[in-house]
Amino acid sequence: MTHATLEASMAADRVRMKDGPPAGSREARALDVTWDDPPGLLGWFCAINHKTIAKRFIVTTLGFFAAGGLIAAVMRMQLSRPENTLVGPDMYNQLFTMHGTTMMFLFAVPVMQAVAIYLVPLMVGSRTVAFPRMNAFAYWIFLFGGLMLYAAFFVNSGPDAGWFAYVPLAGPDYSPGKRVDFWAQMITFTELSGLIEAIVIIATVFKMRAPGMTLNRMPLLVWSNLVTSFMVLFAMPAVMLASTALILDRLVGTHFYNPAEGGDPLLWQHLFWFFGHPEVYLIFIPGLGFLSSVIPTFSRRPIYGYTAMVLSLVATGFLAFGLWVHHMFATNLPELGKAFFTAMSMLIAIPSALQIFCWIATMWTGRLNLKTPMLFVLAFFFILVLGGLTGLMLGAVPLDLQVHDTYFVVAHLHYVLIGGAVFPLFGAFYYWYPKIKGRMMGEALGKASFWLMFIGFNAAFFPMHWLGLHGMPRRVYTYQAGMGWDGMNLLSTLGAFTFAAGVFLSLVNAVASARRGAVAGADPWGAGTLEWSIASPPPPCNFHAIPTVHGRDPLWQPAPGGAPARVSGLAVNVREVLVTSVIDALPDHRMTSPNPSPWPFLTALATTVLFIGSIFTPWAVVWAAIPATIATILWFWPKHKDNSEDLALEKAP
Ligand code: HEM
Ligand SMILES: [Cu+2]
């Protein structure tokens with residue numbers, strides 16, 4: 001049956017066709033047509049399927065990872081020997097600012113959200129995310145915000161005040177020109193995207209879970225994304241407020257950060273780190289979720305200590321907001337306050353340690369299967385424990401004052417970020433690639449890539465501890481010969497290139513496997529969560545029949561005799577979804593999910609014009625608000641077809 005005849009027969013049936021159909025049947029085909037993105041170039045801009053958006057999002061964030069990595073390579077080349085002249089001080093300032101900003105704002109947090117947008121609906125047994133159009137909008141503004149930053153960089157207007165943009169350095173007096181304005185607007189922009197994605201994820205997790213998936217049966221990865229999303233809701237507004245106040249100081253002469261007029265530069269640091277410290281956990285907690293998905297599968301047993309794991313995820317989320325002052329020990333704050341923040345910084349080690357013990361218990365009592373995803377996950381233990389130890393050291397005021405702004409800190413932050421996020425993320429790619437692409441990634445290449453990354457990483461960053469303890473400051477474009485720093489710097493550069501070679505090998509692996517990898521079945525690893533119950537790659541509607549859930553690992557605990565294994569009764573030729581209750585996931589009501597639309601894209605375009613224009617004149621906010629408003633109204637304009645579908649569904653056919 002062709003698309004056209006199928007659509008015609010669907011229209012004739014109105015909404016009488018119901019789902020729960022066997023794969024390959026006419027109903028199943030109809031579901032795919034209903035949920036697929038529209039074809040053609042125009043359809044490309046209208047796409048709202050969560051998997052389409054997530055794939056674009058993942059590719060975009062990985063593109064930024066590559067860009068940030070290239071910048072790091074240039075920095076490491078510059079630092080490989082003393083008194084090098086590859087780049088000058090001005091360029092170097094832009095480089096480390098662009099590197100930090102790219103990695104933190106354009107790669108690490110968004111990539112985790114992007115993966116969540118792909119996986120969460122599959123793991124909770126839903127056909128889509130809540131608010132699919134908002135989801136598409138969030139992707140477009142993220143893309144435009146990131147491109148705006150790089151456009152500025154390529155015309156030599158790259159921001160140069162550090163990824164933390166401390167005032168007064170970033171203020172109007174010390175940073176004239178447009179460089180910091182681009183930074184501030186890009187921050188507001190990407191964080192807006194982050195906020196929207198957080199809301200999309202929270203609503204999906206709370207209301208779209210398959211019947212039976214009570215909160216205490218939810219996969220740990222879904223829990224970790226839920227905790228992360230709540231943290232985003234509290235952390236992002238702080239930095240958006242800070243960057244908006246910054247651009248107001250710079251553009252229209254307000255005095256938020258100007259002490260001469262009653263402002264306070266320390267306000268910047270408080271707002272920034274109130275966001276900046278939790279941000280590290282926004283990167284790290286989804287990483288924990290990846291571990292909790294991969295470890296049970298490759299230990300061939302359910303996770304040990306599920307409840308303890310959930311509670312410690314939640315505890316980590318809360319505690320993360322009580323530590324921000326450990327980034328400000330070198331400022332003139334009261335000593336008692338600093339002592340409190342030292343204690344809090346130590347405290348957060350407890351829930352992390354608890355998780356580590358649970359994973360070890362899982363592996364210990366299971367049967368280990370050392371495939372590539374597992375290797376990346378095991379690297380986490382080694383790297384993160386080292387990073388955690390130096391973190392505890394830095395959390396203590398006296399040591400922090402000693403090594404403040406030296407390479408010791410650079411070593412620490414990379415151990416935590418790369419150990420806590422990049423290695424688990426690569427493990428996750430190897431693990432879910434067969435689901436996304438329908439083919440396996442090469443094991444041999446994967447292992448080679450892993451070892452290059454692991455050895456290269458340690459060679460690149462371990463020496464930095466030593467350099468920091470021997471006094472090498474961070475954020476300097478060069479250093480004099482005869483300081484004794486040459487050898488370690490050269491080693492670090494060689495290590496960085498080895499690491500990059502490992503990353504490149506994984507890229508080659510991914511591209512090659514997309515065509516030539518072994519065909520993966522629905523569940524190549526023998527895993528227990530719902531996404532493995534459907535075809536690889538998943539059909540546009542995810543689940544031809546919405547499953548019901550009877551345990552924590554649904555595929556390992558199938559429906560007991562007599563219990564229903566799936567839901568039926570949803571229409572197949574309308575985007576109808578089942579909404580369930582928050583705690584027990586009992587069926588609540590049916591709802592139609594929005595159809596594809598070009599307006600999220602066009603609204604994002606109008607918003608971008610507003611933001612870029614406002615870098616040059618405050619009037620842009622006024623004028624560009626007009627197209628933005630029109631686009632938003634058209635986005636929500638009711639369509640005759642949608643209305644008649646809703647009405648037809650209300651009359652039970
Ligand atoms: C191949 C991998 C990487 C290399 C070789 C590398 C290298 C560097 C170097 C040399 C610096 C210090 C710049 C200076 O103080 O002079 C730096 C800073 C930094 N890196 Fe990386 N990095 C890598 C990956 C990452 C990743 C994955 C992240 C985050 C997820 C990250 C986040 C940061 C941050 C936040 C800074 C501080 C920037 C600043 O001081 O403004 N890096 N990196
Ligand atoms: Cu911190």
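The values are calculated or read from the model by the stated rules, or taken from the named source; none is laboratory data. No experiment lies behind these values; they were computed from the predicted model shown. In this analysis, Cβ positions are derived from the backbone assuming ideal geometry, glycine residues included, and neighbour counts consider all displayed protein chains. Areas reflect the complete protein model, heavy atoms only, side chains present, ligands, DNA and RNA absent. Shrake-Rupley method; radii C 1.70, N 1.55, O 1.52, S 1.80 Å.
Observations
- Partners for residue 207 among aspartates and glutamates (Cα-Cα distance below 19 Å; same-chain residues under 8 apart left out): 197, 531, 576, 584, 588
- Sorting 377, 519, 508 on solvent-accessible area from highest to lowest, probe radius 1.4 Å, gives 519, 508, 377.
- Net charge of Cβ neighbours under 13 Å - reference residue 173; Lys, Arg +1; Asp, Glu -1: -1
- Close amide H partners of residue 479, meaning residues 5 or more places away or on another chain with modelled amide H under 5 Å apart, are 83, 84.
- In summary, the lysines within cross-link reach of residue 55, defined as a Cα separation below 16 angstrom excluding same-chain residues under 8 places away, comprise 435, 437.
- Considering helices alone, the calculated mean residue ellipticity of the chain at 222 nm is -21500 deg cm²/dmol, with DSSP H runs of length four and up weighted by -39500 (n - 2.57) and normalised per residue.
- Environment charge at residue 519 (Cβ cut-off 11 Å; Lys +1, Arg +1, Asp -1, Glu -1): +3
- Whole-angstrom Cα spans of region 82-223 along principal axes, big to small: 63, 33, 25
- Tail weight of P(r) past 19 Å, computed on alpha-carbon pairs of region 44-119, percent: 47
- Protection proxy ranking of 617-630, 363-376 - average other beta-carbon atoms within 10 Å, highest first: 363-376, 617-630
- Packing, taken as the mean count of other beta carbons within 10 Å per residue, orders the peptides 416-428, 229-241 from highest to lowest as 416-428, 229-241.
- Cα centroid separation - region 65-92 against region 355-395, whole Å: 32
- Accessible area per residue was computed with a 1.4 Å probe on protein heavy atoms; residue 58 scores about 20 Å².
- Under the simplified labelling scheme, the residue 507-residue 241 pair shows an inter-label distance of 4.0 nm, with each label point 7 Å from Cα along Cα→Cβ.
- Over region 206-268, equivalent-ellipsoid semi-axes from the Cα gyration tensor in Å: 43, 11, 7
- Near the amide H of residue 546, within less than 5 Å, lie the amide hydrogens of 20, 567, all on another chain or at least 5 residues away, with H placed in the peptide plane.
- Reciprocal mean inverse distance between Cα atoms of region 238-317 - Kirkwood radius, Å: 15.6
- Rg/Rg_ref, the chain, where Rg_ref = 2.2 N^0.38 Å and atoms are Cα: 0.98
- Classified by the C-alpha gyration tensor, region 140-238 has a prolate form. Its axis ratio a/c, with a ≥ b ≥ c, is 1.5 or above, and a/b is larger than b/c.
- If you plug the beta carbon distance of residue 44 and residue 261 into 1/(1 + (r/R0)^6) with R0 = 51 Å, you get a FRET efficiency near 0.55.
- Sulfur and carbon atoms: percent of accessible area, region 115-172 [1.4 Å]: 76
- Rolling a 1.4 Å probe over the protein heavy atoms leaves residue 544 with an accessible area of roughly 40 Å².
- Contact order normalised by residue count of region 494-653, Cα under 8 Å, 6+ apart, percent: 11
- The mean accessible area for residues of region 417-521, using a 1.4 Å probe and ignoring ligands and nucleic acids, is 42 Å² per residue.
- Normalised per residue, the accessible area of region 203-288 is 30 Å², obtained with a 1.4 Å probe and no contribution from ligands, DNA or RNA.
- Potential extension, residue 393-residue 559 segment - 0.36 nm per residue separation minus Cα distance: 54.8 nm
- Karplus-derived 3J(HN,Hα), 6.51/-1.76/1.60, for each residue of region 87-102, Hz, glycine and proline x: 10, x, x, 5, 5, 4, 4, 5, 5, 6, 5, 5, 4, x, 4, 4
- Distance (nanometres) between label positions extended 7 Å along Cα→Cβ at residue 155 and residue 404: 3.9
- Per residue, region 43-187 exposes an accessible area of 29 Å² to a 1.4 Å probe, with every protein chain left in place.
- log₁₀ of I(q)/I(0) at q = 0.20, 0.21 Å⁻¹ - region 492-643, Debye sum with one point per alpha carbon: -1.17, -1.24
- Cα Rg, Dmax, region 130-179, angstrom units: 14.9, 45
- Over the Cα atoms of region 395-494, the radius of gyration divided by the Kirkwood radius equals 1.13; this is the Rg/Rh ratio.
- Between residue 364 and residue 515, the simple label model (points 7 Å from Cα in the Cβ direction) yields a spacing of 4.9 nm.
- With R₀ fixed at 45 Å, the C-beta to C-beta distance from residue 475 to residue 625 puts the FRET efficiency at about 0.70.
- Computed on the chain, with alpha-carbon pairs under 8 angstrom and 6+ residues apart, the relative contact order is 22 percent.
- For the peptides 551-560, 210-219, the ranking by mean Cβ contacts within 10 Å, running from highest to lowest, is 210-219, 551-560.
- Sequence-distant lysines (8 or more away, or on other chains) whose Cα lies within less than 24 Å of residue 641: 18, 651
- For region 322-419, the share of alpha carbon pairs falling in successive 10 Å distance bins from zero is 14, 39, 27, 14, 5, 0 percent.
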